[in-house]
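Colleague: Quick one: this structure, given as structure tokens, is what I'll be asking you about.
The values are calculated or read from the model by the stated rules, or taken from the named source; none is laboratory data. Just so you know, these numbers come straight off a predicted model, no measurement behind them. Areas reflect the complete protein model, heavy atoms only, side chains present, ligands, DNA and RNA absent. Shrake-Rupley method; radii C 1.70, N 1.55, O 1.52, S 1.80 Å.
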Amino acid sequence: EASGEKSGVAGMNVSNAKGIYKGGKGQITIEFSDLGGTGFAGLAQMGFAAAEIDRETEHGYERTTKFDGHPGKEQYDSKTERGEISAFIGKRISAKVDGYNVSDEELHEAFKAIDLKKLTELVKKAEKGGEEAADDEKAE
């Protein structure tokens, strides 16, 4: 199942794309959010990067980390077989994998399928396009 949407208020736009993958008794959701049009993307990234969590329990963990240099967070509970892995790419894209009734390994494999380098290239291209548009407005 796949879906996408774009929403906004007062000129602040967010685009989302989501895919839901079901197999056996489990489900994995992969979701991308583009926060570039909100004005809050930089704040979100700073908050994401500033957080430092390293918690382990009998049944799982929650920790902040880096994925290819991007700030991220992962958590998993083996008792409920639920988990989430997320990363903030550049100054605008949130990539998240959420799963239930899946193993920690399955969750990580799904996240590894995301091409973070390609997302980074897209963010750089979008930011460059925004700079060029701003330069064009100044020239007029």
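Colleague: Under 5 Å between amide hydrogens, which residues at least 5 positions from ARG82 or on another chain qualify, with H placed 1.01 Å from N in the peptide plane?
Modeller: Amide H neighbours of ARG82: ASP77, ASN101.
Colleague: Please work out, to two decimal places, the log10 of the ratio I(q)/I(0) at q = 0.17 Å⁻¹ from a Debye calculation in which every Cα of the stretch 52-106 carries one identical scatterer.
Modeller: Summing over Cα pairs of the stretch 52-106 leads to -0.54.
Colleague: Ok, one more. Through the Karplus equation 6.51 cos²θ - 1.76 cosθ + 1.60, θ set to phi - 60°, convert the phi angles of the stretch 57-64 into ³J(HN,Hα) values in whole Hz; use x for Gly and Pro.
Modeller: Once θ is set to phi - 60°, the couplings for the stretch 57-64 become 10, 4, 10, x, 7, 8, 7, 8 Hz.
Colleague: So with the 1.4 Å probe, I'd like the accessible area per residue for the stretch 47-121, rounded to whole Å².
Modeller: Per-residue accessible area for the stretch 47-121 comes out at 58 Å².
Colleague: When the accessible area of the stretch 63-117 is computed with all protein chains present and a 1.4 Å probe, what percentage of it is carbon and sulfur?
Modeller: Its accessible area is 43 percent carbon and sulfur atoms.
Colleague: Can you list the residues, at least 5 places off or on another chain, whose amide H is less than 5 Å from the amide H of LEU35, using H built in the peptide plane?
Modeller: ILE93, SER94
Colleague: Lysine pairs in the stretch 80-132 with alpha-carbon atoms under 13 Å apart, 8 or more places apart or on different chains: how many are there?
Modeller: So the count works out to 5.
Colleague: Also: Just the C-alpha atoms of the stretch 83-126: what Rg/Rh do they give, with Rh taken as the Kirkwood radius?
Modeller: Expressed as Rg/Rh, it is 1.05.
Colleague: On to the next question. How much accessible surface does PHE67 have with a 1.4 Å probe, in Å² rounded to 10?
Modeller: It works out to around 30 Å².
Colleague: Please list 3J(HN,Hα) in residue order for the stretch 66-72, calculated via the Karplus relation 6.51 cos²θ - 1.76 cosθ + 1.60 where θ = phi - 60°; whole Hz, with x for glycine and proline.
Modeller: Here the 3J(HN,Hα) series is 10, 10, 6, x, 9, x, x Hz.
Colleague: Give me, ordered by chain and number, the residues 5 or more places off PHE67 or on other chains with an amide H under 5 Å from its own placed amide H.
Modeller: The list, which skips near neighbours in sequence, is GLY72.
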